[in-house]
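Here is the structure we will look at.
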Amino acid sequence: MTTATRSETVPDLPTVADVLPGYEASTWYGVGAPKNAPAEIIAKLNIEINAALADPKMKARLADLGGMVLQGSAADFGKLIAEETEKWAKVVKFSGAKPD
């Protein structure tokens with residue numbers, strides 16, 4: 001388990017962070033919109049997507065697939081993207097990887 005917290009599906013399975021504090025690597029998915037999309041459209045999408053993610057059937061299905069729900073605002077998602085970009089940019093730089 002490489003996420004920062006234990007899975008609700010298999011709570012007895014330790015995370016890598018249990019042995020290596022600070023370790024976290026996870027996959028995430030989100031819904032994006034064009035940069036200049038109207039704020040009211042973004043707000044409506046956010047409300048409806050969060051409502052779907054709060055539905056017990058949706059949560060159960062995502063859990064069955066090994067997923068964990070992260071609800072939040074468009075700003076929260078933007079922050080996640082920025083943090084993940086910064087984190088993985090450091091990993092790539094440290095590795096010395098270069099594009100072909």
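Suppose R0 equals 35 Å; then what is the FRET efficiency for W88 and E40 from their Cβ-Cβ distance, rounded to the nearest 0.05?
Numbers: r = 33 Å, r/R0 = 0.93.
Computed FRET efficiency for W88 and E40: 0.60.
Straight-line reach only, C-alpha to C-alpha below 17 angstrom: list the aspartates and glutamates that K57 could link to, leaving out same-chain residues fewer than 8 apart.
Candidates past the 8-residue exclusion: E8, E48.
Please calculate how many Å² of accessible area the chain carries per residue, with a 1.4 Å probe and no DNA, RNA or ligand atoms counted. Walk me through the numbers before you get to the answer.
On the way: 8110 Å² over 100 residues.
Accessible area per residue: 81 Å².
Projected area of the range 16-100, taken from the Cα convex hull and averaged over every viewing direction, in nm²? Please report the intermediate quantities before stating the final value.
On the way: hull surface 33.1 nm².
The number I arrive at for the range 16-100 is 8.3 nm².
Once phi is turned into θ = phi - 60°, what whole-Hz ³J(HN,Hα) does the Karplus curve with 6.51, -1.76 and 1.60 give for every residue of the range 62-78, x standing for Gly and Pro?
Those phi angles translate into 5, 5, 4, 8, x, x, 10, 7, 10, 8, x, 8, 4, 5, 4, 5, x Hz.
Excluding same-chain residues fewer than 8 positions from K90, which aspartates and glutamates have a Cα within less than 18 Å of its Cα?
Of all the aspartates and glutamates, those that pass the test against K90 - Cα under 18 Å, at least 8 places apart if same chain - are E24.
Treating only the Cβ of Lys, Arg, Asp and Glu as charged (+1, +1, -1, -1), what charge dipole size does the range 1-49 show about its Cα centre? Round to the nearest 20 debye. Walk me through the numbers before you get to the answer.
Details: 3 positive and 6 negative charges, 48 e Å.
Charge dipole of the range 1-49: 240 debye, to the nearest 20.
D55 versus V10, label points 7 Å from Cα toward the beta carbon: distance in nm?
2.8 nm
Test of the criteria: in the range 1-85, which GluC sites (Glu not before Pro) are in a DSSP loop and have at most 12 other Cβ atoms within 10 angstrom of their Cβ?
Values: sites: E8, E24, E40, E48, E83, E84; in loops: E8, E24.
Qualifying residues, ordered by number: E8.
Below 14 angstrom from the Cβ of I81, what's the summed charge of the other residues (Lys, Arg +1; Asp, Glu -1)?
Working: positive: K35, K79, K87; negative: D76, E83, E84, E86.
Net of charged neighbours comes to -1.
Which value in deg cm²/dmol, rounded to the nearest 500, describes the helix-derived mean residue ellipticity at 222 nm for the chain, given -39,500 (n - 2.57) per DSSP H run of n ≥ 4 and division by the residue count?
On the way: 3 runs with 47 residues, N = 100.
Taken over the chain, the calculation gives -15500 deg cm²/dmol.
Any idea what the dipole of the chain comes to, in debye rounded to 20, about its Cα centre with Lys/Arg Cβ at +1 and Asp/Glu Cβ at -1? Working shown, then result.
Values: 11 positive and 13 negative charges, 49 e Å.
In debye, rounded to 20, the chain gives about 240.
For the chain, the longest stretch holding no chymotrypsin sites (Phe, Trp or Tyr not before Pro) located in a DSSP loop with at most 14 other Cβ atoms within 10 Å is which? Mind dumping the intermediate values first?
Working: sites that count: Y23, W28, Y29.
Between exposed loop sites, the widest span is 30-100.
Would you mind telling me the share, in percent, of accessible area of the chain contributed by carbon and sulfur at probe 1.4 angstrom? Intermediate results must be reported in sequence, preceding the final value.
Values: 5130 of 8110 Å².
About 63 percent, which is the carbon plus sulfur part of the accessible surface.
The values are calculated or read from the model by the stated rules, or taken from the named source; none is laboratory data. Predicted model only: the values in this text are computed from it and were never measured. Cβ atoms come from the backbone with ideal geometry, glycine included; neighbour counts cover every protein chain shown. Only protein heavy atoms, including side chains, enter the accessible area calculation; ligands, DNA and RNA are left aside. Shrake-Rupley method; radii C 1.70, N 1.55, O 1.52, S 1.80 Å.
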